[in-house]
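Values in this text are rule-based calculations from the coordinates and carry no lab data. Quick caveat, the model's predicted, so the values are computed rather than measured. No Cβ is skipped: glycine too gets one built from the backbone with ideal geometry, and neighbour counts run over all protein chains shown.
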Amino acid sequence: MESARIRPAVAELIRRAAAIVSAASAEWIAEIDEAAFSAADIAPFSADPEVRALFLRDIHAHVQHWAAANMRDPGRPVPAFVDDVEMVARSLVFRGHTEASVDAYRLGHNVAWRRWMNIAFDLTTNTDDLRDMLDVTAESMGTFIDETITALAVGIAAEREQLLRGQDAARLEAVSLVIGGGGANVASIERALGYRLDQAHTAVVVWTTDAAPQLSELDRVVNQVARHLRARSVIPAVASAGTIWAWLGEIDTDRLSSIESIVGARPHCQVAVGSTGHGIDGFRTSHLDAVRTQRMMARLDTGRAVATFGDVEGVLLLTASPDLADRFVASTLGPLDNYPELRDTLRVYLIELCNVSNAADRLFTHRNTVLRRIKRANELLPHPLEDNALNIGMALEIRHWRSGPDDRTP
């Protein structure tokens, strides 16, 4: 129901109910607060007295804002209350919370709505007025909460971006000293980074080609990769508006092959992983290898989300001259280059040292299917596999990284 069409009796009912809300007791506000802090993603902050006090003030301000708006213009849309958004967002980000808690707002909203209905039923017995009043205010309150959540999400993102930039100005300066190979003081670098250099390091580069990059999203990918690899420590540094460098300490290298499972669903986001090295020299070398891997991915315009230095070290050498690499692939693979499924089967077959059963297991298909594909691939090659296996293997590896994961057989 549009506010302009609200009947005078309903408008007056909303105004009277809003006046009661405006005088809401501390007990009512505390009840909303208790419900909000029962949300699983925000419950860890419930023991923080500063956060609880901030939220109590914020809830009270939101209640007063909505009530005052409905006392002035009953039933009209109420804009989000943004006066405290910056302070709340900063407090949450400072404590490691990176997203607005939708559940917390919904749970608090449920309590407020029950209170509002009780007020409404106490004010009138006219069912028509009551129905219209609840219809109008249900939409008003729901929209107000939605806009408040959106405003807080924007505030959190802005605070996180600012925090990342502030931290990384110092971090980037520190890591640049190490990467540059100068006489960096290890103790001072470790203090600046909050990261121990006397350990095994694996560098990663996370970047995006998105026209409007979000550093908080890239930082989230870094943390997901670190958790997936079970890193004991991680230190990120913002290298540019769309790139984060990071070093992971003491990772589980056996899990490197499955990184793409957690990154692949993110459009425009790619990850390059360097070698693993120890100490300050390993810190530097791993990063340089990650950057080389990133550059190779960009040079080949690969559609793959993740590449590790260990996977592409040979390809890096083979593709130093992209034009020569393209000519080599075209002349070596011939018509086979147009058949991704056959290419991939033959590549896996060669990786498995021509063991059909192992290749079938790796491809999750029947060995007879592998045999048929290899036979067909061999028919398409300019020179038979048995006469040119080494060159064919190199060409297939280049083509694997040159292509994207969505290639399809024509």
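Given a Förster radius of 56 Å and the C-beta distance between SER25 and ARG196 as r, what FRET efficiency does 1/(1 + (r/R0)^6) yield to the nearest 0.05?
Numbers: r = 53 Å, r/R0 = 0.95.
Efficiency at R0 = 56 Å is approximately 0.60.
For region 60-76 and region 313-373, compute the distance between their C-alpha centroids and round to whole Å.
Rounded to whole Å, the Cα centres lie 67 Å apart.
Please give the contour-minus-distance gain from GLU147 to ARG131: 0.36 nm per residue of separation, less the Cα-Cα distance, rounded to one decimal in nm. Can you show the working numbers first?
Working: separation 16, 0.36 × 16 = 5.76 nm, distance 2.45 nm.
Additional length available on full extension: 3.3 nm.
What is the calculated FRET efficiency for LEU56 to ARG16, with r their C-beta to C-beta distance and R₀ = 22 Å, to the nearest 0.05? All intermediate terms of the calculation are to be shown ahead of the outcome.
Working: r = 26 Å, r/R0 = 1.18.
E(calc), rounded to 0.05, equals 0.25.
Check which residues have an amide H placed less than 5 Å from VAL234's amide H, if you skip close sequence neighbours.
Hits under the 5 Å cutoff: GLY249.
Test of understanding: ordering GLU31, GLU190 by Cβ neighbours within 10 Å, fewest first, what list do you get?
Values: GLU31 18, GLU190 15.
If I rank by nearby Cβ atoms, fewest first, I get GLU190, GLU31.
Take each of the peptides 379-388, 17-26, 224-233, average the number of other beta-carbon atoms within 10 Å over its residues, and list them starting from the highest.
Working: 379-388: 13.2, 17-26: 15.3, 224-233: 17.7.
Peptide ranking by packing, descending: 224-233, 17-26, 379-388.
Want the number for VAL82 to ASP323: 0.36 nm per residue separation, take away the alpha-carbon distance, what's left?
My answer for the length gained is 81.2 nm.
What value does region 321-402 have for Rg/Rh, both radii from Cα atoms and Rh as Kirkwood defines it?
Numbers: Rg = 12.1 Å, Rh = 12.6 Å.
Dividing the radius of gyration by the Kirkwood radius yields 0.96.
GLU313 versus ASN118, label points 7 Å from Cα toward the beta carbon: distance in nm?
7.0 nm
How far apart, in nanometres, would the label points at GLN64 and SER176 be if each is projected 7 angstrom from Cα along the Cα-to-Cβ direction?
Taking the two extended label points, one gets 4.7 nm.
What translational diffusion coefficient, to the nearest whole µm²/s, does region 186-316 have by Stokes-Einstein, given a Kirkwood radius computed over alpha-carbon pairs, a temperature of 37 °C and 0.692 mPa s viscosity? Don't jump to the answer; show the numbers that get you there.
On the way: Rh = 14.5 Å.
Diffusion coefficient, whole number: 226 µm²/s.
So if I take the centroid of the Cα atoms in region 250-293 and the same for region 192-222, what is the distance between those two points in Å?
10 Å
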